[in-house]
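Engineer: Below is a structure I'd like to ask you about.
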Amino acid sequence: MYVCGPTVYSNVHLGNVRTFLTFDIVYRYLQHLGFKVRYVRNITDVGHLTGDTDDGEDKIGKKARLENLEPMEVVQRYTNDFHDVMNVFNILRPSIEPTATGHIVEQIESILRIMTNGYAYEVNGSVYFSVRKFSEDHPYGELSGRKIDELMNNTRDLDGQSEKRDPLDFALWKAADSSHLMQWPSPWGMGFPGWHLECSVMSTKYLGETFDIHGGGMDLKFPHHECEIAQNVGANGGERPVRYWMHGNMLTVNGRKMAKSEGNGFTPEELITGNHKLLDKGYTPMTVRFFMLMGHYASTLDFSNEALQAAEKGLSKLEKAMETLAGLEPTSGEAGYDVQAFADKCHAAMNDDFNTPILIATLFDGVKAVNGAAAGRVALSAEDIASLKGTFAAFLRDVLGLQAERASGGSEEVAGETEALLDLIVDMRTTAKANKDWGTADKIRDVLAAHGITIQDGKDGSSWTRG
RNA sequence: GGUCCGAUGGCCGAGUGGCUAGGCUCAGCUCUGCAAAAGCUGCUACAGCGGUUCGAAUCCGCUUCGGACCUCCA
């Protein structure tokens, strides 16, 4: 599986996170099913232009110039940021994370093959892919459902400044003047590779000329992925280098795509701290992850405080059920629960195009059974409980990647002491309750609540939980 | 302007011809010293109009509104 990774010239925002989360789920589920997955996700560290015009500047080069940094300092900074964010959201690392600058040689070789096949031409030290020529021999626009003639008629900028023969052509190699911070020698002089090329070259190198899954954001479908196909076919022949294309849909804010240019993006940090004008409060990374998984990856997902709060409550319900399940004792009786059907439904949900909303709905069905068992309404055998534990662990933890939130701060010893103290306090409150000293009992509960500790009175005594 | 997609209850969001999605919210009830948690019940959802069909949220047409892409975007 190949997924288009980030261009590391600025901090990632939540919209970016959604896409990588989508493919994290694919990766996790395929592994759960027992597939050996080679997951390649690139880092774009050169070649991504700020525009498609000939004076378009390299995004990383521009950032480096503006901040007076080495381009590789920019790359390192935002690559680190990207990795940090992926870790925060519990998104697994890919098997291979190649960079564009690490594959300049392969890119030049690929360009030479495309030129040999007659689909590219050189102008003033730059090399362009000829879409018109390519389309005479192969389909172009198949993936995004576009037709060459329509594209020709609807090209926006028609000013004749371009050295391209055709507005649809795209750069494989761009000549660089001495002011460019990033440039490499090539058969056509000093320059740097075009953006689309790196993905073609790296996917082919690590996954072969034909591979199973190619993912990326919906906004990359055209032209990026269309160009990738053309380059692969133009260099290696064949017709369809990718068996399955998967596109994650956009995260929207007030119905509009979250994008840097719209100024409506949240950084993960702003979301967690709640430090943003559109946010009522902060949310934990797992709440955000759960929120995103409540929608199907192919649908747009609208961001809102209400939706985040719903996710927070829902996830909490699941987590509580996990705790309940851990301490559940086997019972015998009539009203049982079909744990096998439950597991089967979980698989069926994911088998249907990674339908995480259905999976979550199914998990809530399991929650009902767990709570029912805890209340003595549902009878579960030891085998049933073991099965439920296995299914929840597999789907909630492994597939959905929702890990238990850890109490913040403190070493394990301190945490242990805190727990002992809390147990003592709750015990004292139970004594107060037994003496009908409601004032003391309520005061203890209120003060602990102010510190994020919730006390619950059950029929078998009181217990406390964080958060 | 072109291409494509979408419109589901108070909110989010699944579902593609007949069967309760689910979560959250709100109200009532059970339990409880009071809460919380858990449970039960309800808030009579499928943008509008027409068509196909025994039957349409689901298929077809039109209308209205929204979005994405066509330029860099996850």
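The values are calculated or read from the model by the stated rules, or taken from the named source; none is laboratory data. Since this is a predicted model, take the numbers as computed values, not measurements. Backbone-built Cβ (ideal geometry, glycine too); neighbour counts: all protein chains shown. What goes into the accessible areas is simple: the full protein's heavy atoms, side chains included, and nothing from ligands, DNA or RNA. Shrake-Rupley method; radii C 1.70, N 1.55, O 1.52, S 1.80 Å.
Engineer: Just give me the residues in region A:436-447 being of a type outside the set (Asp, Glu) and either within 11 Å of RNA strand B (Cβ to nearest atom) or touching a Cys at 6+ places or on another chain (Cβ under 8 Å) (or both), in sequence order.
Structural biologist: To start, the set of residues in region A:436-447 that are of a type outside the set (Asp, Glu) comprises A:436, A:438-441, A:443-445, A:447.
A:LYS436, A:TRP438, A:GLY439, A:THR440, A:ALA441, A:LYS443, A:ILE444, A:ARG445 - these are the residues of region A:436-447 that are of a type outside the set (Asp, Glu) and either within 11 Å of RNA strand B (Cβ to nearest atom) or touching a Cys at 6+ places or on another chain (Cβ under 8 Å) (or both).
Engineer: Would you tally the residues in region A:163-181 being farther than 22 Å from A:LEU112 by Cβ and either polar (S, T, N, Q) or outside any loop (DSSP other than H, G, I, E, B) (or both)?
Structural biologist: So the answer is 2.
Engineer: Give the residues of region A:269-310 that are closer than 16 Å to A:ASN254 by Cα, within 9 Å of RNA strand B (Cβ to nearest atom) and surrounded by fewer than 17 Cβ atoms within 10 Å (Cβ to Cβ), sorted by residue number.
Structural biologist: Result: A:SER299, A:THR300, A:ASP302, A:SER304, A:ASN305, A:GLU306, A:ALA307.
Engineer: Restricting attention to region A:338-364, which residues are open to solvent by 50 Å² or more (accessible area, probe 1.4 Å) and either more than 8 Å from RNA strand B (Cβ to nearest atom) or among the basic types (Lys, Arg) (or both)? Lay out the reasoning, then the answer.
Structural biologist: Of region A:338-364, the ones open to solvent by 50 Å² or more (accessible area, probe 1.4 Å) are A:338, A:340, A:344-345, A:347-348, A:351-353, A:358, A:361, A:364.
Residues satisfying the conditions are A:ASP338, A:GLN340, A:ASP344, A:LYS345, A:HIS347, A:ALA348, A:ASN351.
Engineer: For region A:375-394, what are the residues that are in contact with a Ser or Thr (Cβ under 8 Å, 6 or more places away or on another chain) and either under 19 Å from A:GLY314 (Cα atoms) or more than 12 Å from RNA strand B (Cβ to nearest atom) (or both)?
Structural biologist: Answer for region A:375-394, where residues must be in contact with a Ser or Thr (Cβ under 8 Å, 6 or more places away or on another chain) and either under 19 Å from A:GLY314 (Cα atoms) or more than 12 Å from RNA strand B (Cβ to nearest atom) (or both): A:ALA379, A:LEU380, A:SER381.
Engineer: Could you check region A:9-56 and list, in sequence order, the residues that are over 20 Å from A:LEU301 (Cα atoms), modelled with pLDDT of 95 or more and among the hydrophobic types (A, V, I, L, M, F, W, C)?
Structural biologist: A:LEU30, A:LEU33, A:PHE35, A:VAL37, A:VAL40, A:ILE43
Engineer: While we're on this one: Looking for something open to solvent by less than 60 Å² (accessible area, probe 1.4 Å) and within 28 Å of A:PHE129 (Cβ to Cβ) - is there at least one such residue anywhere in region A:311-325?
Structural biologist: Step one: list which residues in region A:311-325 are open to solvent by less than 60 Å² (accessible area, probe 1.4 Å), which gives A:311-312, A:314-316, A:318-319, A:321-322, A:324-325.
Then drop every residue that is not within 28 Å of A:PHE129 (Cβ to Cβ), which leaves none.
No, region A:311-325 contains no residue that is open to solvent by less than 60 Å² (accessible area, probe 1.4 Å) and within 28 Å of A:PHE129 (Cβ to Cβ).
Engineer: Report, ordered by the first and then the second residue, all pairs with beta carbons closer than 6 Å, sequence separation of six or more or different chains, a first member in region A:251-265 that is among the charged types (D, E, K, R), and a second member that is near RNA strand B (Cβ under 7 Å from one of its atoms) and open to solvent by less than 80 Å² (accessible area, probe 1.4 Å).
Structural biologist: Listed by first residue and then by second, the contacts come to A:LYS257/A:MET250.
Engineer: Within region A:1-46, restricting attention to residues that are charged (D, E, K, R) and in a helix (DSSP H, G or I), which residue is farthest from the chain's Cα centre (by Cα)? Even if it seems obvious, please write down each step before you answer.
Structural biologist: In the first step, residues of region A:1-46 are kept if they are charged (D, E, K, R); the result is A:18, A:24, A:28, A:36, A:38, A:41, A:45.
After this cut, where a residue has to be in a helix (DSSP H, G or I) as well, the list is A:18, A:24, A:28.
Working: A:ARG18: 4, A:ASP24: 6, A:ARG28: 12 Å.
Among them, the one singled out is A:ARG28.
Engineer: Could you check A:GLY248 against (1) open to solvent by 60 Å² or more (accessible area, probe 1.4 Å); (2) closer than 30 Å to A:ASP169 by Cβ and say which number it fails?
Structural biologist: Tallying (1) open to solvent by 60 Å² or more (accessible area, probe 1.4 Å); (2) closer than 30 Å to A:ASP169 by Cβ, A:GLY248 fails exactly one: (1).
Engineer: Among all residue pairs at least 6 apart or on different chains, which show Cβ distances below 6 Å where the first residue, located in region A:69-96, is over 12 Å from A:TYR9 (Cβ atoms) and the second is surrounded by fewer than 18 Cβ atoms within 10 Å (Cβ to Cβ) and of a type in the set (Lys, Arg)?
Structural biologist: The qualifying pairs are A:SER95/A:ARG38.
Engineer: Would you mind stating whether A:GLU97 is among the acidic types (Asp, Glu) and more than 30 Å from A:GLU405 (Cβ to Cβ)? Lay out the reasoning, then the answer.
Structural biologist: Details: among the acidic types (Asp, Glu): yes; more than 30 Å from A:GLU405 (Cβ to Cβ): no.
So A:GLU97 fails the test.
Engineer: In addition: Only one of these is surrounded by 15 or more Cβ atoms within 10 Å (Cβ to Cβ) and either within 28 Å of A:SER186 (Cβ to Cβ) or in the same structural domain as A:SER10 (by TED's automatic domain parsing) (or both): A:VAL88, A:VAL105. Name it. Lay out the reasoning, then the answer.
Structural biologist: Numbers: A:VAL105 fails: surrounded by 15 or more Cβ atoms within 10 Å (Cβ to Cβ).
The conditions single out A:VAL88.
Engineer: If you check A:GLY263, A:GLY208, which single one turns out to be modelled with pLDDT under 95, at positive phi and surrounded by fewer than 20 Cβ atoms within 10 Å (Cβ to Cβ)? Break it down stepwise before answering.
Structural biologist: Values: A:GLY208 fails: modelled with pLDDT under 95.
Of A:GLY263, A:GLY208, the one residue that is modelled with pLDDT under 95, at positive phi and surrounded by fewer than 20 Cβ atoms within 10 Å (Cβ to Cβ) is A:GLY263.
Engineer: Residues that are out of contact with any Phe, Trp or Tyr (no Cβ under 9 Å at 6 or more places or on another chain), among the charged types (D, E, K, R) and modelled with pLDDT of 95 or more: which helices (runs of 4 or more DSSP H) entirely in region A:92-158 hold 1 or more of them? Steps first, please.
Structural biologist: On the way: elements: A:104-116, A:131-137, A:148-153.
Filter on region A:92-158 gives A:104-116.
Engineer: Among the residues of region A:448-467, which ones are without any contact (Cβ under 8 Å) to a residue 12 or more places away in the chain and either within 23 Å of A:GLY416 (Cβ to Cβ) or more than 8 Å from RNA strand B (Cβ to nearest atom) (or both)?
Structural biologist: A:ALA449, A:ALA450, A:HIS451, A:GLN456, A:ASP460
Engineer: Next up: Just need a number here: residues in region A:182-202 that are touching a Gly at 6+ places or on another chain (Cβ under 9 Å) and part of a loop (DSSP other than H, G, I, E, B).
Structural biologist: Selection size over region A:182-202: 8.
Engineer: For the list (1) out of contact with any His (no Cβ under 7 Å at 6 or more places or on another chain); (2) within 30 Å of A:SER162 (Cβ to Cβ); (3) open to solvent by 10 Å² or more (accessible area, probe 1.4 Å); (4) within 14 Å of RNA strand B (Cβ to nearest atom), I need the number of the one condition that A:LYS59 fails.
Structural biologist: Failing condition for A:LYS59: (1).
Engineer: Pairs, please: C-beta under 9 Å, at least 6 apart or cross-chain, first residue at negative phi and assigned by TED's automatic domain parsing to the domain that holds A:GLN340 and in region A:359-375, second of a type in the set (S, T, N, Q) and modelled with pLDDT under 95?
Structural biologist: What qualifies is A:VAL367/A:THR324; A:VAL370/A:THR324; A:ASN371/A:THR324; A:ALA373/A:THR324; A:ALA373/A:THR331; A:ALA374/A:THR324.
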